[in-house]
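One structure below.
The values are calculated or read from the model by the stated rules, or taken from the named source; none is laboratory data. None of these values were measured; they are calculated from a predicted model. Because the Cβ atoms are built from the backbone with ideal geometry, glycine has one as well, and the counts that use them run over all protein chains shown.
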Amino acid sequence: MKVPILVPNIFDYPFTYETGNIKLKVGDYVLIPFGKSQITGVVWNEFEGKNNKKFLIKKVISKLNIPSLNIKIINFLNWFSKYNLIPKGMVLKLLLLKSEAITDIDLKEFIKFKINTEKKNFFLTEEQNNALKDLNNEIDKFRVHVLQGTTGSGKTIVYFESIKKIIDKGHQVLVMLPEIGLTGQFEKKFREFFGFSAAIWHSGIAPKKKKIIWNGIATEKIKVVIGARSSLFLPFKNLGLIIVDEEHDQSYKQDEGIIYNARDMAISRAYFQNIPINLITAVPSLETFENIISKKYKISKILNRYKDASLPNYEIIDLNKSKLETKSWISQDVIKKVKKHLDIKDQVLFFLNRRGFAPFAFCKKCLKNYLCPNCSINLVYHKHEKNLLCHYCGYKGNLQRKCNENDNCNFIFSGPGVERISEELKKIFPNEKQIIFSSDTMNKKDSSTILEKIVNNKISILIGTQLISKGFHFPNLNCIVVVDIDLSSQGHDLRGAEKNLQLYHQLAGRAGRTGKPATVYFQTYNLNKNLIIDITNKNPDIFLEKELQIRKKNNLPPFQRFISLILSSDNEKKLQKNSMEFKNYISSKLNYLVLGPINAPIYKIRKKFRIRLLIRGKKSLNIQESLHQLIKNFKFEKEIKLSVDVDPISFN
Ligand SMILES: [Zn+2]
Ligand SMILES: [Zn+2]
């Protein structure tokens, strides 16, 4: 018998194989000869298109000892490939573990995941209870339910309760989180609540552990997975519920390599598997908000904070009045207020969304600044590491440079980063323990020890980038200083306003979580306080409605589909020529608006020049289908790489 088998590589279609005397059905994992090697493939649900050349049909070697892939997952992967314009084989590669299916794992590896039916009771407020009832509704089919709750209102405990019910019914559950750093604190919380372990899945998990988990999910020995973006592709045997926590978080968008939005794709997976999905947030994304308004999604709200904690107060520090000294970023006003908080053992957070010491370095003699040799972007000075770092390609440069043959450059560092704020704070508060909370300090092995110290109030001053806004629970944090709110109003991102609202709402939500009064201070020169009014409003829906009207009026997402096409090459001339040709080709054949080509705002990344096109049109799969054909038929020059970004978030 002949069967179609999809292999994890760049092909967009399955290959035909002969089964011999092995009995096979759709979804079975198999070992097959491919070229000169043996690889893993999956029996697919459709044969390759007619236009492929005739190859000698080879025989399947063996069927692998693992439950077959659910046809619903296959349908999802096929759709995913169409929607995101990614070859089917590459999508399968996301599902397999290093292109393999993992079989035969020792049973003892799964002991800690064994579910514990011993029930603990947690107190829920009336609001929480009502939300739980909603979440427990219609759990036998696809539906999207949004749980919108003020930061610190105990959303997690509500959806944990809802997970119990799904597990009781014998299904598996996937909980998605936007940030790897969160999984540790979260895992602990889960174990305390359920009495057994959830499997943690993200890029930092050791390969050996990943094998156990992958197998445990495919064989249903693992019931609950807490994972980052990539967990979306795990081969659950019996998935019954997906939860996307912090659904508004833009980290769900995978921006490089295989480009997709994990939140949106999670909703599609739930649809194809006909299971419920819950989106959890304090301030919904505009896409989600639109779906709530148009009644496609249901919603429950928790307005009060848990244990009657109140939301923090807000205070604006006018820097025109409370002047800063040169090379200083903290005003006297703020220092006075912070002292009061420190006196009563409150933890204080200084927020500045800039890693390193200073964002620019330039020589005051020759006036040249430091650019990354690979990217068209400034190098950031990291004082701790004693180097200049490119935040795009990771290039490291040292500070030795000459103006001319006999004269060394004399550098000035312009603007603050978290390290610089930390230095200033060490001078102001020499006796307080402090720590920088950024991806440079927190994505390391000792980060869980640091987290514990913060939770136990062993550290009194935190200096953090946006990483700290993401769902961490620090019980003593009762004072936040936003060092420079004016920085946030810069930029021309279409989602800028929405992003700021979510960021500062989340950030403020870190404060005052255990009932003590808390305050957020905003330092600003800008007397137009709209941004601050929006972000401090207790009801974020007011802003979202306003923003949605603007998007509607201007025909922007979520009312229209955007698809970004980014062409890149190290050959600038060919890139410009080819981009123009490609634009002319697609705009003559496509019934949608094609904008560009324009040089990308960051014109060079990793030595590749970048040119962007943007396609705008009505929301339907038609755009992707026609575009797919056109891309296939267009002859790109060898050196040109095209990446397609459906529903782009970043326009860099
Ligand atoms: Zn670079
Ligand atoms: Zn110089």
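Kindly list the number of the only condition in (1) touching a Leu at 6+ places or on another chain (Cβ under 7 Å); (2) aromatic (Phe, Trp, Tyr); (3) in a loop (DSSP other than H, G, I, E, B) that fails for Phe289.
(3)
Of the numbered conditions (1) among the basic types (Lys, Arg); (2) touching a residue at least 12 places away in the same chain (Cβ under 8 Å); (3) farther than 27 Å from Ile377 by Cα, Arg401 satisfies every one except a single condition; which is it?
The number of the failed condition is (3).
Of all the helices (runs of 4 or more DSSP H) wholly in the stretch 413-486, which have at least 2 residues that are surrounded by fewer than 20 Cβ atoms within 10 Å (Cβ to Cβ) and hydrophobic (A, V, I, L, M, F, W, C)?
447-455
Suppose we filter Phe360, Phe413 for residues that are more than 20 Å from Val334 (Cα to Cα), more than 16 Å from ligand 1 (Cβ to nearest atom) and in contact (Cβ under 8 Å) with a residue 40 or more places away in the chain; which single one remains? Steps first, answer last, please.
Numbers: Phe360 fails: more than 16 Å from ligand 1 (Cβ to nearest atom).
Selected residue: Phe413, the only one of Phe360, Phe413 that is more than 20 Å from Val334 (Cα to Cα), more than 16 Å from ligand 1 (Cβ to nearest atom) and in contact (Cβ under 8 Å) with a residue 40 or more places away in the chain.
Kindly indicate whether any position in the stretch 405-412 is part of a strand (DSSP E or B), within 16 Å of ligand 2 (Cβ to nearest atom) and within 26 Å of Val481 (Cβ to Cβ).
Going residue by residue through the stretch 405-412, those that are part of a strand (DSSP E or B) are 407-408, 411-412.
When the remaining residues are screened for being within 16 Å of ligand 2 (Cβ to nearest atom), the result is 407-408, 411-412.
This time we only want the ones that are within 26 Å of Val481 (Cβ to Cβ), so: 412.
Yes, the conditions are met somewhere in the stretch 405-412.
Could you look through the stretch 606-630, keep only residues that are modelled with pLDDT of 95 or more and β-branched (Val, Ile, Thr), and pick out the one that is farthest from ligand 2 (Cβ to nearest atom)?
By that ranking, first place goes to Ile615.
Which one is surrounded by the fewest Cβ atoms within 10 Å (Cβ to Cβ), of the residues in the stretch 348-369 that are basic (Lys, Arg) and within 16 Å of ligand 2 (Cβ to nearest atom)?
Only one residue tops the list, namely Lys364.
Quick one: Pro373 ticks every box in (1) farther than 23 Å from Lys607 by Cα; (2) away from ligand 2 (no atom under 16 Å from the Cβ) except a single one, so which number is it?
Status for Pro373: all satisfied but (1).
Search the stretch 371-388 for residues that are under 15 Å from Ser414 (Cβ atoms) and pair each with any residue that is in a loop (DSSP other than H, G, I, E, B) and within 16 Å of ligand 2 (Cβ to nearest atom) when their beta-carbon atoms are under 6 Å apart and the residues are at least 6 apart or on different chains.
Correct list of pairs: Leu379/Tyr370; Leu388/Tyr370; Leu388/Leu379.
Among the residues that make up the stretch 389-402, is at least one of them out of contact with any Asp or Glu (no Cβ under 8 Å at 6 or more places or on another chain), within 14 Å of ligand 2 (Cβ to nearest atom) and not charged (D, E, K, R)?
Within the stretch 389-402, one or more residues are out of contact with any Asp or Glu (no Cβ under 8 Å at 6 or more places or on another chain), within 14 Å of ligand 2 (Cβ to nearest atom) and not charged (D, E, K, R).
Would you kindly identify the strands (runs of 3 or more DSSP E) lying entirely within the stretch 154-271 that contain at least 2 residues that are surrounded by 18 or more Cβ atoms within 10 Å (Cβ to Cβ) and touching a residue at least 60 places away in the same chain (Cβ under 8 Å)?
Once the strands (runs of 3 or more DSSP E) in the stretch 154-271 are filtered for at least 2 residues that are surrounded by 18 or more Cβ atoms within 10 Å (Cβ to Cβ) and touching a residue at least 60 places away in the same chain (Cβ under 8 Å), what remains is 172-176, 239-244.
Looking at this structure, is Leu342 on the phi < 0 side of the Ramachandran plot and within 14 Å of ligand 1 (Cβ to nearest atom)?
Against the criterion (on the phi < 0 side of the Ramachandran plot and within 14 Å of ligand 1 (Cβ to nearest atom)), Leu342 does not qualify.
Which ones in the stretch 339-379 are outside any loop (DSSP other than H, G, I, E, B) and under 22 Å from Gly394 (Cβ atoms)?
Ala358, Phe360, Ala361, Phe362, Asn369, Leu371, Asn378
Residues of the stretch 526-546 being more than 26 Å from Ser294 (Cα to Cα) and aliphatic (A, V, I, L, M), which ones?
The answer is Leu527, Leu531, Ile532, Ile533.
So, of the residues in the stretch 569-606 that are charged (D, E, K, R) and assigned to a helix (DSSP H, G or I), which turns out to be surrounded by the most Cβ atoms within 10 Å (Cβ to Cβ)?
Taking the candidates together, the pick is Lys583.
Select from the stretch 380-404 the residues that are in a strand (DSSP E or B) and away from ligand 1 (no atom under 16 Å from the Cβ) and list them in ascending order.
Matches in the stretch 380-404: Lys402, Cys403, Asn404.
One line per residue, one yes/no per condition, for (1) part of a strand (DSSP E or B); (2) loosely packed, with under 14 Cβ neighbours inside 10 Å; (3) in contact (Cβ under 8 Å) with a residue 60 or more places away in the chain:
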site: Thr16; (1), (2), (3): yes, no, no
site: Lys25; (1), (2), (3): no, yes, no
site: Ile39; (1), (2), (3): yes, no, yes
site: Leu56; (1), (2), (3): no, yes, no
site: Asn65; (1), (2), (3): no, yes, no
site: Asn78; (1), (2), (3): no, no, no
site: Tyr83; (1), (2), (3): no, no, yes
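Step by step: first the residues of the stretch 294-337, then only those that are touching a strand residue (DSSP E or B) at 6+ places or on another chain (Cβ under 7 Å), among the hydroxyl-bearing types (Ser, Thr, Tyr) and in a loop (DSSP other than H, G, I, E, B), then the one that is surrounded by the fewest Cβ atoms within 10 Å (Cβ to Cβ). Which residue is that?
Residue satisfying both the conditions and the ranking: Tyr297.
Which is more than 30 Å from Leu303 (Cα to Cα) and either buried (at least 18 other Cβ atoms within 10 Å of the Cβ) or in contact with a strand residue (DSSP E or B) (Cβ under 8 Å, 6 or more places away or on another chain) (or both), of Glu138, Glu46, Glu127, Glu109?
Only one candidate passes the filter, namely Glu46.
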